[in-house]
1. What do you reckon, is Gly384 modelled with pLDDT under 95 and under 17 Å from Gly250 (Cβ atoms)?
2. For the stretch 321-328, state whether one or more residues are surrounded by fewer than 18 Cβ atoms within 10 Å (Cβ to Cβ) and of a type in the set (Lys, Arg).
3. Return the total of residues in the stretch 81-103 being without any contact (Cβ under 8 Å) to a residue 40 or more places away in the chain and either part of a helix (DSSP H, G or I) or buried (at least 19 other Cβ atoms within 10 Å of the Cβ) (or both).
4. Which one of the conditions (1) surrounded by fewer than 22 Cβ atoms within 10 Å (Cβ to Cβ); (2) of a type outside the set (Phe, Trp, Tyr); (3) outside the structural domain of Ser379 (by TED's automatic domain parsing) does Ala255 fail to meet, given that it meets all the rest?
5. Tell me which of these Gly312 doesn't satisfy, since it passes every other one: (1) within 22 Å of His62 (Cα to Cα); (2) in a helix (DSSP H, G or I).
6. When the stretch 104-123 is examined, which residues are found to be within 21 Å of the chain's Cα centre (by Cα) and outside any helix (DSSP H, G or I)?
7. Looking at the stretch 124-148, which of the residues that are under 16 Å from the mean Cα position of the chain (by Cα) and more than 14 Å from Leu163 (Cα to Cα) is surrounded by the fewest Cβ atoms within 10 Å (Cβ to Cβ)?
8. Just checking, which of Leu253, Leu303, Leu320 is within 30 Å of Lys438 (Cβ to Cβ) and touching a residue at least 12 places away in the same chain (Cβ under 8 Å)?
Amino acid sequence: MSDTIAVGSSEKSPALDKPLPGLSFSKPSSIRLRFAMAVTLTGILAGLAGMCLALLLHAIQHIAFGYSLDAVIGHISFLEGVQAAPPLRRLLVLLAGGVVAGVGWWLVYRFGRPLVPIRKAVANPDVEMPAVATMGHALLQIITVALGSPLGREVAPREVGALIGGGLGRSLGLSLEQVKILIACGAGAGLASVYNVPFAGALFVMEVLLVTFSVQVAIPALFTSAIAAYVAWIGLGDESQYVLPPLTIGVSLVAWAAICGPIFGICGLYYGHLAAWARKAAPRSSVRIIVWCIVAFGIVGLLSMAFPQLPGNGKGPIQLGLRGDLSLNLALSLLVLKLFATTLSLRAGAEGGLLTPGMTIGALVAILLGTLWNMLGFSPIAIGAFALIGASAFLSVSMSMPLTAIALAFEFTGANHDFYIPILIAVSLATATAKLLKK
């Protein structure tokens with residue numbers, strides 16, 4: 001049960017329907033002290049949790065596909081490890097992932113307490129997230145993504161961080177207003193820790209979960225995300241998720257961003273519709289989820305025998321796109337297959353995020369549009385520049401978070417600040433187009 005609500009979904013966020021109460025720090029000193037303590041502990045514990053989940057993911061990946069067995073964090077990427085694995089091994093690992101996904105989530109839904117999504121926990125802080133079921137749900141996401149699930153891994157650390165924040169707030173006797181902030185900050189800190197994106201993690205809290213940029217929210221959001229990212233450096237190091245080659249911008253790239261921005265808005269909107277339909281149709285309450293997951297992951301495994309870029313959340317194809325190492329034919333094939341694989345996995349009942357998968361689809365669409373642009377005879381532009389802008393614009397619409405998407409693009413890649421111009425243009429036009437289509 002992901003907390004992500006795509007633009008195309010007909011489901012409305014409770015956090016948006018229920019305004020955040022007026023926030024104030026004009027409380028007795030003991031209350032302020034306990035809140036400050038809870039904020040600090042939330043950042044530290046969410047950082048440790050995110051770090052441990054990421055290390056678990058890497059360890060399972062290395063063992064499953066048989067690469068870099070001497071180091072959990074090494075210089076061999078997941079894509080390189082999958083490419084080096086024999087095709088039959090890829091299929092068997094994905095089939096194992098299907099078994100884990102089907103049986104695991106059937107057990108969670110059948111015997112666990114009803115899951116409480118992060119948005120619902122934020123909107124109703126008096127409703128506790130069940131600890132055992134939430135931890136099982138998060139671990140299943142990490143394990144299945146490590147075994148090749150095409151969904152993202154970012155929801156798991158957000159759920160654990162939210163669980164930590166809510167638990168600390170209640171144990172310290174804080175008000176529901178403060179518990180609400182801690183739950184949201186814990187989720188943002190989890191995102192910040194696992195991806196080393198402290199500013200994007202804080203923006204996620206303010207833009208998506210609490211829908212306010214008030215100082216009373218900004219301070220704990222920024223602090224917890226910064227602390228969590230810093231703590232996670234202990235095991236994950238201080239590195240960007242992607243290596244971006246030197247890129248330049250010009251009039252041609254800015255014009256392309258303006259022309260293609262609305263296209264990314266349309267694509268992101270309908271991708272949201274597709275993901276929402278697939279999730280809604282999943283057989284969560286039935287034992288059929290086991291068969292569905294085995295079949296779905298088996299199909300992805302069969303496809304991975306010819307396309308080793310397909311398993312996983314999509315980080316590999318994004319990196320290839322940023323380096324300009326994807327041909328037009330391969331980009332088109334991966335776009336179709338990634339759309340198919342993520343939709344099929346959601347329809348089967350597997351859970352996971354859509355952040356990196358969304359960025360992957362946006363980058364692949366951008367590579368196709370950018371390659372055509374270069375063919376028209378304009379000043380040639382590096383394919384990586386197209387991929388970066390497209391990933392940002394698509395993600396801004398598919399997950400309804402334009403500001404967070406922009407921050408993620410820069411913190412993920414360390415892109416030059418000059419890219420703010422084409423990215424802002426593309427994101428703003430993509431978001432405006434999606435809003436017009438929704439009316």
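1. Numbers: modelled with pLDDT under 95: no; under 17 Å from Gly250 (Cβ atoms): yes.
Criteria not met by Gly384.
2. yes
3. Qualifying residue count for the region: 3.
4. So Ala255 meets the others, but not (3).
5. (2)
6. Within the stretch 104-123, Leu115, Val116, Pro117 qualify.
7. Step by step, filter the stretch 124-148, then rank; the result is Ile143.
8. On the way: Leu303 fails: within 30 Å of Lys438 (Cβ to Cβ); Leu320 fails: within 30 Å of Lys438 (Cβ to Cβ).
Within the list Leu253, Leu303, Leu320, the selection yields Leu253.
The values are calculated or read from the model by the stated rules, or taken from the named source; none is laboratory data. What you are looking at is a predicted structure, and each value in this text was computed from that prediction instead of being measured. Note: ideal-geometry Cβ built from the backbone for every residue, glycine included; neighbour counts use all protein chains shown.
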